[in-house]
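One structure is given here, and the rest of the page talks about it.
The values are calculated or read from the model by the stated rules, or taken from the named source; none is laboratory data. No experiment lies behind these values; they were computed from the predicted model shown. Positions of Cβ are backbone-derived with ideal geometry, glycine not excepted, and every protein chain shown enters the neighbour counts. SASA here: full protein model, heavy atoms, side chains in, ligands and nucleic acids out. Shrake-Rupley method; radii C 1.70, N 1.55, O 1.52, S 1.80 Å.
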Amino acid sequence: MTCWLCVLSLQLLLLPAAPPPAGGCPARCECTAQTRAVACPRRRLTAVPDGIPAETRLLELSRNRIRCLNPGDLAALPLLEELDLSDNVIAHVEPGAFANLPRLRELRLRGNLLKLIPPGVFTRLDNLTLLDLSENKLVILLDYTFQDLRSLRRLEVGDNDLVFISRRAFAGLLALEELTLERCNLTALSGESLGHLRGLGALRLRHLAIAALEDQNFQRLPGLLHLEIDNWPLLEEVAAGSLRGLNLTSLSVTHTNITAVPAAALRHQAHLTCLNLSHNPISTVPRGSFRDLVRLRELHLAGALLAVVEPQAFLGLRQIRLLNLSNNLLSTLEESTFHSVNTLETLRVDGNPLACDCRLLWIVQRRKTLNFDGRLPACATPAEVRGDALRNLPDSVLFEYFVCRKPKIRERRLQHVTAAAGDDVRFQCRAEGEPAPTVAWVTPRHRAVTATSAGRARVLPGGTLQIRDAQPGDSGTYTCVASNAGGNDTYFATLSVQPEPATNRTLGEGRNDTQAAMRFPLDLTTILVSTAMGCITFLGVVLFCFLLLFVWSRGRGQHKNNFSVEYSFRKVDGPAAAAGQSGARKFNMKMI
């Protein structure tokens, strides 16, 4: 037995030893040879551990206590492709810290304490495609911060303390496709800084305190396809030119304070296929709000406080597939609001106080084929079917609750009113029907007047037409039109407005002419012409005077201005006269 043990021991000693691993594994890390990955999460590391195999391609150092990255910390890992340093306490990254990682494709620095990215940090990262800097303390992005990242496709800088982005901060990001800015202190967007992102395809702007979209914000982004604006509580309007120059396929403007559909801004977005305007205080969708969105397939207006969707509101939506109007205040949704309901596949109207009457008959008729996305709409009225889902209604109720009664105007006495100019005039038009009809008036000038019309004429509750400060031009025949889904009824009334007395009119016209003359403004051209003519006249008079002085001064040397006068007294008879005539007298005179 002892001999056998000796022989066995000798054979074991002669066996070749197993080759050592190509590279060791740090003590507190887990290494996977097949994927060449080293994972060291939650190990309370304060620095990059030593002993990481040189052939490592994926290194995870998240949720540790690393404070700083120096140039030599990762120099021994030239084959590294993915580096995760998320959720550490990194406050400073030295320039060149990643310079020896030419193959690095993904770099995650999320959840650290970075306040500033100094120039040169991302030098020689020519193959980097993903950079995550979110949830740091960044205050500013300096010029040329990312200029060496020519292959970067996705950049995350949300959840920072950003107050300013330099004009050339994104210079060099020629291949960037996705950019996310969220939960920052930015109060404005710089069109010049975004203009360097010529290849940007998706831009997400969330939780920002920006009050307006300016015309030049996105003008230099011709390749942008997806734009998301979410949680901008200060945004109250999407200006008409704010989306100019874009060819979007997807637009989302949610959780803002816009109160109307931005029809003017959407006018040139003919390539849009998905539009989301949910969770905005929009109460009405007017007629033709989306008429230019001929390629739109999805429209979301959920939680938008919608109370009215006007007829032909979705005019032009020839390819609509999904319509989401859930959680609003709608009592009905008529078939006349659509360009065509034949293309509709998914309809969300749950969460609305729906009145189950003939206006919803088109939905009930398609209740077996329409997709309600698992959230069935239910009736709020009448009381007999309250709470019943439309899909579960039996066919027998269709003839009981989903039948319309054509409107009928009750009082049809001819109303002829003669009024003086400046008086207020009212015409009554009370109609009944099922459902309750809407009343509109048509003026002699063929202008429709409704309850929402602005001006001197408007429709009061109950259908009464009020005309304030009536004028002779208001005279004529007015037509009342009461309509609902079952049809319409009409009624006529006439108005004669007497003009003002001639005396009052003359005084008034004279007063107006005087005021107009007093208010007549002088335009700039008139002032310039008058000034020029005055100057020319003045210069002409001065020149003429100088010419006269010149001529007179030239003539002074040719004429004598002194001459002598000899005066002889007349002869008188007598001795006295002879005594006084002693001879002729001479004196000089000077001509002035």
For this session: Leaving ligands, DNA and RNA out of it, report the carbon-plus-sulfur percent of the accessible area of the range 251-392 at a 1.4 Å probe.
Result: 47 percent
Seminar exercise, completed: Using alpha-carbon positions, the gyration tensor of the range 253-369 gives root eigenvalues a ≥ b ≥ c; with a/c under 1.5 called rounded, otherwise prolate if a/b exceeds b/c, else oblate, the class is oblate
Exercise. Between the helical axis of 524-555 and the dominant principal axis of the chain, each derived from Cα atoms, what acute angle in degrees is found, rounded to the nearest 10?
Worked result: 40 degrees
For this session: Set the Förster radius R0 to 30 Å, insert the Cβ-Cβ distance between Ala37 and Arg67 as r into 1/(1 + (r/R0)^6), and round the FRET efficiency to 0.05.
Result: 0.80
Problem set entry | Per residue accessible area in Å² of the chain, where ligands, DNA and RNA are left out and the probe is 1.4 Å | 57 Å²
For this session: Over the range 34-209, with every protein chain in place, what whole percent of the accessible area is carbon and sulfur at 1.4 Å, could you tell me?
Result: 45 percent
Exercise. For the range 406-498, what size does the Cα cloud have along each of its three principal axes, sorted from largest down, in whole Å?
Worked result: 40, 27, 20
Exercise. When the accessible area of the range 403-459 is split by element with a 1.4 Å probe, what percent falls to carbon and sulfur?
Worked result: 48 percent
For this session: Determine the gain in length on full extension of the stretch Arg445-Asp215; use 0.36 nm per residue of separation and subtract their C-alpha separation, reporting nm with one decimal.
Result: 79.0 nm
For this session: Would you calculate a helix-derived [θ] at 222 nm for the chain, using -39,500 (n - 2.57) for each DSSP H run of n ≥ 4 and dividing by the full residue count, to the nearest 500?
Result: -4500 deg cm²/dmol
Problem set entry | Efficiency of FRET from Cβ geometry, Thr452 and Ala202, R₀ 35 Å, rounded to 0.05 | 0.35
Exercise. On full extension of the chain, what length is gained from Phe544 through Glu432, given 0.36 nm per residue of separation minus the C-alpha to C-alpha distance?
Worked result: 31.3 nm
Problem set entry | Radius of gyration, Dmax [the chain; alpha carbons; angstrom] | 46.2, 209
For this session: Would you list, by chain and number, the aspartates and glutamates whose Cα falls below 15 Å from the Cα of Lys406, excluding same-chain residues fewer than 8 positions away?
Result: Asp357, Glu432, Glu434, Asp489
For this session: With r as the distance between the Cβ atoms of Leu305 and Arg375 and R0 = 25 Å, compute the FRET efficiency 1/(1 + (r/R0)^6) and round to 0.05.
Result: 0.85
Exercise. When the chain is fully extended, how far beyond the present Cα-Cα distance does Ala175 get from Thr249, taking 0.36 nm per residue of separation?
Worked result: 24.7 nm
